[in-house]
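Colleague: First the structure, which I've put down as structure tokens, then a few questions once you've had a look.
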Amino acid sequence: MHHNHQNHDHSKSQGHSHSHSHSHSHSHSHDHDHDHTHTHTHAPQTDRDRIKKIIDHWLKHNNDHINNYKQWAEKASNENLPEVSSLLIEVAEMSQAMNEKFHKALTILE
């Protein structure tokens, strides 16, 4: 069911869209001076806004995945599958590293 999440970068992301005020709170004042470069009069949102929104969405989505990977790593460990558990923990750590890059991108976009 996750295959279509990149098309929905607004508030439809099941319940984890409430805690994103940190990335939007003080960023709107200087984003709109780029509007003159776009001819899309029907869309007040710039590509810059969309980039911020989709990165914010990926970050939250990744957090959900990270928690899931860790839970299943524990289950694999309980099933006496240490290699599987270890791989899932590595995946969780890689996802965490991705999130750090998303965070960095968002701070640039602030």
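Colleague: Going by the conditions given, is Glu74 within 22 Å of the chain's Cα centre (by Cα) and charged (D, E, K, R)?
Modeller: On the way: within 22 Å of the chain's Cα centre (by Cα): no; charged (D, E, K, R): yes.
When the stated conditions are applied, Glu74 does not pass them.
Colleague: Could you list, in sequence order, all residues of segment 90-110 that are aliphatic (A, V, I, L, M) and open to solvent by 70 Å² or more (accessible area, probe 1.4 Å)? Write out each step before concluding.
Modeller: As a first pass, look at segment 90-110 and keep what is aliphatic (A, V, I, L, M): 91-92, 94, 97-98, 105-106, 108-109.
Across segment 90-110, the qualifying residues are Met94, Met98, Ile108.
Colleague: Next question. How many residues, within segment 65-89, are charged (D, E, K, R), loosely packed, with under 14 Cβ neighbours inside 10 Å and in a helix (DSSP H, G or I)?
Modeller: The first filter runs over segment 65-89 and keeps only residues charged (D, E, K, R), leaving 70, 74-75, 79, 83.
Now drop any that are not loosely packed, with under 14 Cβ neighbours inside 10 Å, which leaves 74-75, 79, 83.
Checking the rest, the ones that are also in a helix (DSSP H, G or I) come to 74-75, 83.
Within segment 65-89, residues that are charged (D, E, K, R), loosely packed, with under 14 Cβ neighbours inside 10 Å and in a helix (DSSP H, G or I) number 3.
Colleague: Same structure, new question: What number of residues within segment 92-107 are touching a His at 6+ places or on another chain (Cβ under 9 Å) and either over 14 Å from Ile55 (Cα atoms) or not in a helix (DSSP H, G or I) (or both)?
Modeller: Total meeting the criteria: 1.
The values are calculated or read from the model by the stated rules, or taken from the named source; none is laboratory data. From a predicted model like this one, the values you see are computed outputs, not experimental measurements. Please note: Cβ atoms are built from the backbone with ideal geometry, for glycine as well, and neighbour counts cover all protein chains shown. Note: areas computed on protein heavy atoms with side chains; ligands, DNA, RNA excluded. Shrake-Rupley method; radii C 1.70, N 1.55, O 1.52, S 1.80 Å.
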